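Reviewing the structure listed below.
The values are calculated or read from the model by the stated rules, or taken from the named source; none is laboratory data. None of the values given here were measured: they were computed from a predicted structure. Neighbour counts run over all protein chains shown; Cβ positions are idealised from the backbone, glycine included. Remember, those area values only see protein heavy atoms, side chains included, never the ligands or the DNA or RNA. Shrake-Rupley method; radii C 1.70, N 1.55, O 1.52, S 1.80 Å.
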Amino acid sequence: MAIRSINKYSVIKRFSLGKRMYDKQETIYIQEQDAQHGEPQKVFDSNKEYVTDISSDIYSSLRKNFIVPTEDNQ
């Protein structure tokens, strides 16, 4: 099984996920989806602690309105 990368994002609009509120300027990490094995994407907080799994629809919504990749995400 291939190792899925984890990308770093900055919060640009406040939202709640996994019983936790994220404020502007916070950092979150989201693991790539594994479509081949049906694995969901995993979300980690700024301390790199696991928060919850999300669907690709939720991820798309977050990317459109709530989070942006950080500059050091390369």
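Okay, here's what the table says:
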{"read-out": "On Cα atoms only, tilt of 56-65 relative to the major axis of the chain in degrees", "value": "30 degrees"}
{"read-out": "Restricting the stretch 24-74 to GluC sites (Glu not before Pro) in coil, as DSSP defines it, with at most 10 other Cβ within 10 Å", "value": "Glu49"}
{"read-out": "Share of pairwise Cα separations in the stretch 20-60, more than 16 Å, in percent", "value": "36 percent"}
{"read-out": "Of the chymotrypsin sites (Phe, Trp or Tyr not before Pro) in the stretch 34-71, those whose Cβ has at most 14 other Cβ within 10 Å and which sit in DSSP loop", "value": "none"}
{"read-out": "Heavy-atom accessible area order for Lys19, Lys8, Lys48, largest first, 1.4 Å probe", "value": "Lys19, Lys48, Lys8"}
{"read-out": "Accessible area in the full protein assembly, largest first, 1.4 Å probe, for Arg4, Arg20, Arg63", "value": "Arg63, Arg20, Arg4"}
{"read-out": "Listed values (i) 55; (ii) 59; (iii) 45, entry calculated as percent of Cα pairs over 16 Å apart", "value": "(iii)"}
